[in-house]
Every structure is written in C-alpha cells, then in structure tokens.
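Peer 1: My questions all concern the structure below.
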Amino acid sequence: MYYLRTALQYTVTLLVVLTANFLLPRLAPGNPINALLGSDVVENMTKDQIERIMEEFDLHLPLWQQYVHYLTSFIHGDLGNSIVLGMPVSQVLMQRLPWTLLLMGGALLFSTVVGSLLGAYSAWRRGRAADLATISGVLFVGSLPPFWLAMMLIILFSTTLQWLPSYGAYPIGTPSGSWAWYVGVAKRLVMPTLALGLVMAANVLLIARSATMMALDQDYVTFARAKGLSEQRIFFRHAFRNALLPLVTNVMMSIGSLVGGALVIETVFSYPGLGSLIVMAVNARDYNLLQGIFILVSLSVILANLAADLMYPLVDPRTAEGDPA
Amino acid sequence: MSERYVDTRRFLAPAETLTGKVQRVGMVILAVIMLSAICAPLLTSYAPRDSVCRPFATPTAAHLLGCNDAGQDLFSQLLYGARISLAVGLSVAVLSTLLATIIAVVAGFNGGLIDRLIMRLVDIILCLPFMPLVIVLGVFFGASIRTQVLVIAFVMWAPSVRELRAQILQIRSSAFVEASLAMGASGYFVGIRHLVPELAPLIVPQFVRIAHNAILVETSLSFLGLGDPLQNSWGSILFHANARTAFLTGAWVYWVMPPGLAVSLTVLSLALIGFGYDASLAPRIRRRLARPIERPAGAAPRPGAVLSVQKLHVSWDSEFGRHEVVHGVDLDLRRGELLGLVGESGSGKTTLSMAILRLLRPSASVTRGAIWLNGEDLLRASDATMRRLRGRRIALIPQSAMNALNPVLTIGAQLGEALDQGGRRPPEAREAAIVENLLSVGLEARHALSFPHELSGGMRQRAVIAIALCNRPEVVIADEPTTGLDVLVQEDIMALLLDLRRRLDLSILFVTHNLPLIARHADRLAVMCGGTIVEEGAPDALRRAPRHTHTRALFESLPALVGDRRWQAHADTSGPAEAPLIELRNVSKTFRRRSLGAADAGEHQALNDVSLTLAPGEKLGLVGGSGAGKSTIARLCMGVLPPDEGTVFCQGKDIASLGMRRRQIMSEAIHLVFQDPYQSLRNGMSVRDIVAEPLRIRGERDPAVIHAKVRAALAAAKLPHDGAFISRLPIALSGGQRQRVAFARAVVVRPKLIIADEPTSMLDQSVRMEIMDLMESLARENATAFLLITHDIALARHFCDRLAVLRQGRIVEEGLADTIVQTPQNAYTRALIAAA
C-alpha cells in the first residue's frame, strides 16, 4: 500500500514536470517560435524558414497532438537537437552528467558525513563551549553564498598558496585513465566539493543536531540509562540511530537545492558539468538544450526523493503499515 | 498538568535571554544595511553606472573601493546594490508569505479533498529542482527584476504552506476552537477571533526564512549573469568580477570581498532574527561545572533501610536563575517494603525519584544531601559504578511505557540489551532468558519480535516491567507506572507488581498521584508537598488521623463508595416524567478510520443502540473506561455530530429537523465544559473575553451588558470579578481557577444543561472537590441539569442522581446512583467499583 502510493505520487510528479516543460515556451508571451528561437532571430527569417521550423517543432499541430508527440519522444530518450552544439541534446547531457554527478556525490558525501557527525557531537555536548562554537560556525557558514565561498577558496588555494588548480575538471594533455589524470581530477574536485559541501553540511548539521537532541530527550534514552547501558551504547544504538531517520529524508530532499548550488559553483570553476551547460544554453538561447537539462535534473531529483521514500520503511518499522506522516 | 507556561508565540524573545539578545543583534545589523541602502545618495556622490575613474583603479580616498573594469565606482555600486538585494528579498518574502498563508488557510480550514490536493501539489513543488526552475522560468518570462521577484516568490511558498498548515490544523483541533464551535460559533467567528490571532506570530519566521533564501537566490542568479541586466546588484558586481577573473589578481580585496561580505552579513542578520524561531538552534540551558555535593553532617547508612535518602536538596537552573524544588528530603525504604510516595503535580516527587537514580536532566542537579543504597553512597559513586548499579541493584519503571520503549527496536532486542548488563550468556540461554522474562510478566514468547507500536498500552507497560526487573534488582523505583492506563488495566498492572514483589523479594518506591490506588496496597505512604515530605505513615493511620493539613485535604477529597452522599440528589426521578431535555433513542454511531488511500482501514463502532433520557434539572452520570463512547454521546448531545442511526431529541425536537442551524440552536440550551482547562481556554485572551465569548457568538455587542453578565457569571463561579482579575490571562491562573472560568463561560448564557466531560481529571486532587462543589451550587441555584462524564464511579455516585454505565458503546447498566453502587448487577460495573 505504502509503496504503491509512493510510486503513484512520483509518477504524477514526473508528469507535472514534463507538462510544465512542455507548456512553458508555449505559455510565454508572444509566438512560441519567438520563445524557442528568440525574436531577433525570427525577425530575420523568411516565411518559409519559419514554417519549416514550425514543422520541425510540431508547432503546426493541435496542442494535444504536440503533447503526445512530446511525451513519446521523451520516452524514447529523444530530447531534440542542440542548436549551439549541433548534436542531439541527450548526447550532450550524457557527456556532461558524469561530472555534475561526481561533484554532487562528493559534496553529498562530505556534507552528510561531516554534518551528521558534527551535529550529533554538538547535540551530545549541548550547551557547552563546543556546541556553541559549532552553532556560531554553522550560522556563519550558512550565510555565505556558495559561489562566493568558491571564489575565496580559489584566492586562498590557487592564487596565494598555489596548491590546487582553479580551472576545469581534468588535466588537459594528460592521457585520460592514467594515474596522473586521476590525481588531476581529484585535485580539481577538492575546491568545488568544499564550496558546495560546506554550506550543505551546515544544514545537515542543524538537522542532525536537533534530531539527536530530540532523541536524547526521549524517555527511552532515560530508560536505557536506567537499564545501566553505557553512554556509547545509548548514544549510538538509541539516540543516533533514531536521529538518522529524519536525516535520511532531509538529505534526499535537499538534493533539489544541491543541484542549484552545483550549477552556480560549476560556473566559478569552469567545471564541464550541467551548470556551465545551462548558462551556455541560456546565453545562446538554445531552448532544446535548456529544456533537456531541466528535464534531466528534475528526473534525478525525483528519483532521489523516491529512493528516500522507499528506504524509509526499512529504517523505521512504523511506516511500513501506516501513513508515514 | 504543569502549571508552568512557556510562551513560544511571540515576535521576539525577551531581551534578557540569550535568544533575545541574538535576535536584537540581527535586527540592528539589518537596520544598518537598510539605512545605508536608503541613504546611498548621501553616502556617495557617484551613480553606480557612471564611468567616473580609470578602469581597474585601486582604492583612493575619493573611490574607497576603487573601480571596476568599466571605471565605475565600486563603493557606490555596493551601496546601490543593497537596494536591489533587499528589495528582491523583502518583496519576495511579502508575496510568498502572503501566498503561503492564503493557501495554508484554505487547505487547513477546508480539509478533505481540497486539502489533499493542495498538499500533493506542495509535495510536487518541493520535489522540483529549485534553481533550474527559476532559470527556465526567468528565460521564458524575461529577466526583469519584476518577473524575477514573481518567479522566485512562485517557487518559494511551498515549504511555508507545509509548516503553516500543520499549525492551522493544530489550532483547528485545539480544545478552545472545539469549545467555540460547541458554543455555536460560526466558522467565520472562529477564524477572526481565534485563528488569525494565533496564526499571526507564526507567519513571521516564515517571512524571515523566505527573505533569507530569496536574497541568496537573487545573488546567485545575478552572478550567473541571468539577472536583470539593467540593474546593479551585489550578484552582478561579482558576475563582472568573475568574468574579469578579479580574484586571480590583487583586485579581489576591494572587488570580490565587499559584495560577498555584504550578502553574508544581510543573510546572517536574517538568520540571527530567525534564531529565536528555530527550535533546532534554541540554546539549551547552560551546564554548570559539576560541583562536589555537600554531604550533611551525620549522614550514614541506616540499618534496615535498603534505600536511604538524607537531607536531599535538588535545584533547577534556567536562564532566569536557580530554583530549588526539593528542600532537604529524608526518606527510608525498608527491605521488602512497598512505599508509596504521593503528591500533587509540582510537588517534586518525580524529581526526587530521578535524583535517586542520578538520572536528572542536565538542568537539574543535587546540591546537598546523601543517598545510600545498602551502604553504597550513590552520590559519591563514580559514573561507572553508578551504571553498574542501575538495572542490577536499583531499577526504574518509568512513566508512560509508550515513550520508554525505543520505537525502532523490538521488545526482545530491548530486553536483551538489558539482560546483557547482568552478564553475557550464550545465545540459546539468552533467548531462553528473554522468553522467561516475558512470560513472567504475562506476555508471550512471540512478543519478543514485536515492535512497541504493535502492543496495547497495558502490554507495553508489562514489557517495560520485564525489562526493568530482568536483572533481579533489590530496589525498584516505579514512577507513575499506571498513569494514563485504563482504570481496569491499572488494577492489572498493580496486581502484577504485587505478585512480582513477592516472588522476587523487591523493595518498591511507588511514585504516584493516584492516592486511592496506592493507599489500598502500600505498606507505608510518604506525602510530598512543595518539595518536602510533610508526613509519613501507614495508609490507614494517615487516613484516620492525618497530622498535616495537606494529608487531610488529600484524603478528604477522595470520594468514598460507602457512607453518606457528599451532595444530595435533588431531581425527583420517581415522580411523573417531565418532558426530557435530551433524549437519545436507539442511537448508533460508527467512525471510519481513513488511511491516505481512499480505502477504509477499519471501523470503530463508538455507540451501539444507545437510549438515554435526561430530565430538566437532573444530574446524570455517564461512567465507563476509555473508549466506552462517553465523549461521543457528549458530542451527539451538542449537535456537533449527527447519529448514524436513531434519533436525538433536544427539548422534544428531533435535531435532524433543525437543519444547518442545528449547532447554534442546541448551544442555546446546552453548554459543554471540557476536561482540560489548560487547553480549552485560549492563552491569548483575557478572562473577560473568554467568559464573554458565548455572548458575542449570540451577537451581543453592548459592552455594558457584556460587562455586567461576565461579572455575574464570575461571581456565580466563586471567582473574583474586579478589574484586575477580569483582565488577567489564563497563564496567570491556577488549574482550579481556569476550570472555574470555564464554568463561568458556561453559566453566562444560563444554559438548561451543562455537559461536564471529566471536569476534574486534569486537576490536582485537592481542588477537585472545590470544582464539584461549584457544579453542585450551579445545579441547585439555577436548576441547571448536569451530564457528568467520568471514569470515576465513586465521584459520580456522590454527585449524580442517576448513573448510566457505558462499555464499548453500549449501556450495560442504568439506574439510581446509590442503587447501582450498592447493588451492581453487571460484572463490568462491579469491576469498576472494585477499582475505585
């Protein structure tokens, strides 16, 4: 029942995203072809050219037929052609996606591990100096715009200390797959991951801290103490484990905002992921590409949320039968 | 039952607290930034977009932050940039908060299908990648600052809807709204009088959060070069700096640093203001350094006492200072004894018992005294020693078994880890020991694999007892082990404890506020009041010859099943039947539990073919355990619920014929007084407004009339009615006073019937009788009929003319109060009487 409902809900979500993506250029002010190609381009085209393009984009068909076409080609993985790059959008995305995934994966791993451990520690030492210092740090780091933090990191590690390269994702001129290549990739991953991960770690930390604190305040922790269990055992088996439950969903839910952060961070480092691609698509008015990126990103976020929802009953026996809320 | 009230619904925390100080620092920072944005033309003489100096000029006195690649003054750009960031942040916050509030109110107040649709939509929006969506929307709808604000506002409302809706649902289901509806208020009345004032402070933190995020999003967009190209914001300064790779040269100091710091500072100021609203940040009470506990002179273990508490003082620390709650308590628990520690809420009994186990919350600490467990000095024992003693020599049976069990571990796992403390066993022996312990408390072997939520309340309490006693401790501290359980289940648990005590040779310190229960079984009672033990002795001796006034008050407030009635019956029920005030004829009511799919998850038949009449001026008692259907009858009589089958007559009229105005018409004659006066009176209203509410619902607007009637009602409820009292808020009233105010609110419109739903069960023993005395005087003086709903058959017998005993939706016995108590016919009635 729970799984069925979850699956149904995400199907609906996906449909809404697809529909929004379909409708947006058609709802935008003016002729959809203006939105698709930019009005300055359209002004310089002949009637014939316009009609040909209308046909290419199915714009001569009634709306519902356009919609059906759109859905079927999506199912076949056909997202149209990129105008700037002159190749299928799906192919462009597949080239760029791994880098963004690498960056996000790194940031996610960093922020979850650092955030939850520090958060739990902070909760354990609540009200003491270590806790107050952590909270002040979180408030400060959480207020930094991630891309600005990235620029500051470059100033520190690239300009001043000259430890890390500030540009791209992999060393150019080194054969890919070689040892030196991997070292180059790792070096170029450090700063973007930190810039993206630190701000997110601040959020994770707060969630972990309050969840652990709430768990530590529960009567079952007092009862566990009354049983004579050691503090370590109480902390890990009773408090931290229960605190992880809200953390799992919260981390998965925050992937949506993590994507946004990644897009901006990539621009600072000229990282060859989806972020720099989206900026390029906007500046070149390449709408097929833009919509393709949007669909891909939405799809991944939806899948991440779905994964979180499906995982939840495994960690919390109460959800399996009833309403998780 | 606590008398303390923590006001969480205020705009700012008090200035003397740390939270309040932090919030004020945030407001000062924000004010300074806003002021410099507004006064930008006064602070700089250059326009942000004019070329006024050499490109890439370094800072000089004329150009404090130097110039960018186009020769524009960076200091001027910074000041004017603040305007854009703040304008975007604040207008997004206004729009988004407004949108979220409207949607949340629509969802929360309508409920049903609309609510579910809206919440699914919110789920979907929460699932969308936020930044790409803003970018895509911005591309298709243009990059002007106005569309930017609209777009950001459009994607930001969803999380707030979730939050606000939850709050609205909480307000909507609160007892004061239920009370208002029961008084006949319309939805509009409730919205204006209760919902808006309660919700307003909750909107502020949403506003702050959205402004915080909106500023970051705007900066990011401008940084990507996707902002309004005609506007100059902090993000666009950084965009140009990045495009010129200013951070690779020395220019970063004055080109990259200042706008970044400005954004951070603005966002930080909002975060600081939001600090007070975010529970996850709330500073906890600071721990003091552990100080050695002063041992009183002459403290030594006493022979014969397994547990000896000597001159114990416990204090609580808060942001407002230190407060002593236990003042020098002496208490001995003898070997094999069952010692009852009784007292009202706030008397310090639970604090005392947790102090013995050294399990006080961090803000409380023992300041003086000594505790001996068979010669072991507990207050001087190391933490490791204390851990070894807990569970093995001194065990705790805690309050409320639901919360004492970890919801994600099986009963077997939680019992097993306790067993392990008594020594490692080979796996088979361990399994056998788990089963044996479960059997000893009346559970079955299969329950080892159950999760706590799969067991009933009574079974969970048994599991907790099994865990507490599995290592055969000498001393058990049972802290309200039966509270919250059904009357008859309480008896079962008590019987189990008595049996285990005999079998395992336990000495038990039984902490409870349930005097009748413990007085029947304890060897000795210690009465606690105001942090000290005022009297000790055998229950019978204390009952017969109490030396302390508090002990006397406690025992006198216990209604007895034998002896004279405390209040005389006065409706002559044997005479010719008057037209009944209320009549239920063959009424049935079934509730369907919905799960989120539309399918029925199960049915619960609350009432099954119930017939009942209530004559004018009569006092009828409705007695039964939890889930018997008592409250459903109250709601049927109020017209809040329609019956599934059968008919409800109010003053001879079928309520089904009254139509939509049913509730309003019935509330003219009937008033409901709720169980919990802490919930049913709204904390933000003065006594005068609370009592005047039924008058206002009936459309009375003349202040003089309202004032006169309120004062008369307060006088009838034996409350002061001077100006100082009527302008007080409920926070400043005791539990007993609150319930009196609730009765004043009832009598202000002179109803023919008052339904009192467990009116004393949330109050301390000593004030219960005062409330019953008040009900009696109201019944006598105004000839008001009463329907008393209670689980306490002894109390009902003293107050009521007639009783109806209800069990699982059926009336099992009905008749004159004394007749039923003296010669009960039904087994369930007999069980209730035995438990009273």
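Peer 1: For B:S363, are the conditions met, namely being away from chain A (no Cβ under 11 Å) and either out of contact with any strand residue (DSSP E or B) (no Cβ under 6 Å at 6 or more places or on another chain) or surrounded by fewer than 20 Cβ atoms within 10 Å (Cβ to Cβ) (or both)?
Peer 2: Details: away from chain A (no Cβ under 11 Å): no; either out of contact with any strand residue (DSSP E or B) (no Cβ under 6 Å at 6 or more places or on another chain) or surrounded by fewer than 20 Cβ atoms within 10 Å (Cβ to Cβ) (or both): yes.
So B:S363 does not fit the description; no.
Peer 1: Taking region B:335-352 as the region of interest, how many residues are buried (at least 16 other Cβ atoms within 10 Å of the Cβ) and either of a type in the set (D, E, K, R) or within 25 Å of B:D420 (Cα to Cα) (or both)?
Peer 2: Residues that pass the stated criteria total 3.
Peer 1: Taking the stated definitions as given, is B:A82 in contact (Cβ under 8 Å) with a residue 24 or more places away in the chain and either buried (at least 17 other Cβ atoms within 10 Å of the Cβ) or farther than 22 Å from B:V208 by Cα (or both)? Even if it seems obvious, please write down each step before you answer.
Peer 2: Working: in contact (Cβ under 8 Å) with a residue 24 or more places away in the chain: yes; either buried (at least 17 other Cβ atoms within 10 Å of the Cβ) or farther than 22 Å from B:V208 by Cα (or both): yes.
Yes.
Peer 1: Among strands (runs of 3 or more DSSP E) lying entirely in region B:597-681, which contain 1 or more residues that are at positive phi and in contact with a strand residue (DSSP E or B) (Cβ under 7 Å, 6 or more places away or on another chain)? Let's see the steps before the verdict.
Peer 2: Values: elements: B:600-614, B:619-623, B:645-650, B:670-673.
Answer list for region B:597-681: B:600-614, B:645-650.
Peer 1: Output the residue which, of all residues in region A:283-303 that are hydrophobic (A, V, I, L, M, F, W, C) and facing another protein chain (nearest Cβ under 9 Å), is surrounded by the fewest Cβ atoms within 10 Å (Cβ to Cβ). Even if it seems obvious, please write down each step before you answer.
Peer 2: Let us first name the residues in region A:283-303 that are hydrophobic (A, V, I, L, M, F, W, C), namely A:284, A:289-290, A:293-297, A:299, A:301-303.
Filter again for facing another protein chain (nearest Cβ under 9 Å), leaving A:290, A:293-294, A:297, A:301-302.
On the way: A:L290: 26, A:I293: 29, A:F294: 25, A:V297: 29, A:V301: 24, A:I302: 22.
For region A:283-303, the residue satisfying everything is A:I302.
Peer 1: Let me spell it out: the conditions are (1) more than 9 Å from chain B (Cβ to nearest Cβ); (2) over 30 Å from A:H238 (Cβ atoms); (3) in contact (Cβ under 8 Å) with a residue 40 or more places away in the chain, and A:L144 meets all of them except one. Which number is the exception?
Peer 2: So the condition that A:L144 fails would be (1).
Peer 1: Mind counting the residues in region B:187-218 that are closer than 25 Å to B:L672 by Cα and either touching a residue at least 60 places away in the same chain (Cβ under 8 Å) or among the hydrophobic types (A, V, I, L, M, F, W, C) (or both)?
Peer 2: Filtering region B:187-218 down to residues closer than 25 Å to B:L672 by Cα leaves B:187-198.
Checking which are either touching a residue at least 60 places away in the same chain (Cβ under 8 Å) or among the hydrophobic types (A, V, I, L, M, F, W, C) (or both) leaves us with B:187, B:189-198.
So the count comes out to 11.
Peer 1: Counting only residues that are within 7 Å of chain A (Cβ to nearest Cβ) and in a loop (DSSP other than H, G, I, E, B), which one in region B:126-144 is nearest to A:V16 (Cα to Cα)?
Peer 2: That would be B:L128.
Peer 1: Which residues, taken from region B:717-735, are under 17 Å from B:N683 (Cβ atoms) and either touching a residue at least 24 places away in the same chain (Cβ under 8 Å) or part of a loop (DSSP other than H, G, I, E, B) (or both)? Steps first, answer last, please.
Peer 2: Taking region B:717-735 and keeping what is under 17 Å from B:N683 (Cβ atoms), we get B:725-735.
Result: B:F725, B:I726, B:S727, B:R728, B:L729, B:P730, B:I731, B:L733, B:S734, B:G735.
Peer 1: Among residues belonging to region B:382-399 that are in a strand (DSSP E or B) and touching a strand residue (DSSP E or B) at 6+ places or on another chain (Cβ under 7 Å), point out the one that is farthest from A:V221 (Cα to Cα).
Peer 2: B:I394
Peer 1: Looking at A:G168, A:G127 in this structure, which one is at positive phi and either within 11 Å of chain B (Cβ to nearest Cβ) or not small (G, A, S) (or both)? Step through it out loud before you land on a result.
Peer 2: Working: A:G168 fails: either within 11 Å of chain B (Cβ to nearest Cβ) or not small (G, A, S) (or both).
Checking each option against the conditions leaves just A:G127.
Peer 1: I'm trying to understand the selection: among the residues of region B:303-357, which are within 24 Å of B:A519 (Cβ to Cβ), touching a Ser or Thr at 6+ places or on another chain (Cβ under 8 Å) and among the β-branched types (V, I, T)?
Peer 2: B:V306, B:V326, B:V329, B:V342
Peer 1: Got at least one residue in region B:276-291 being crowded, with 18+ Cβ neighbours inside 10 Å and either modelled with pLDDT of 85 or more or of a type in the set (A, V, I, L, M) (or both)?
Peer 2: Within region B:276-291, one or more residues are crowded, with 18+ Cβ neighbours inside 10 Å and either modelled with pLDDT of 85 or more or of a type in the set (A, V, I, L, M) (or both).
Peer 1: Select from region B:402-418 the residues that are more than 9 Å from chain A (Cβ to nearest Cβ) and of a type in the set (V, I, T) and list them in ascending order.
Peer 2: Listed by number, the list holds a single entry, B:I411.
Peer 1: Separate question: Among the listed residues B:A179, B:A166, identify the single one that is closer than 30 Å to B:A742 by Cα and within 14 Å of chain A (Cβ to nearest Cβ). Even if it seems obvious, please write down each step before you answer.
Peer 2: Working: B:A179 fails: within 14 Å of chain A (Cβ to nearest Cβ).
From the options B:A179, B:A166, the qualifying one is B:A166.
Peer 1: Looking at region A:200-221, I want the residues that are within 10 Å of chain B (Cβ to nearest Cβ) and have a partner that is buried (at least 21 other Cβ atoms within 10 Å of the Cβ) and of a type in the set (S, T, N, Q) with Cβ atoms under 6 Å, at least 6 apart or on another chain. Which pairs are those?
Peer 2: From region A:200-221, the pairs are A:A208/A:S116; A:R209/A:S122; A:A215/A:N242; A:Y220/B:N406.
The values are calculated or read from the model by the stated rules, or taken from the named source; none is laboratory data. Keep in mind it's a predicted model, so treat the numbers as computed, not measured. Positions of Cβ are backbone-derived with ideal geometry, glycine not excepted, and every protein chain shown enters the neighbour counts.
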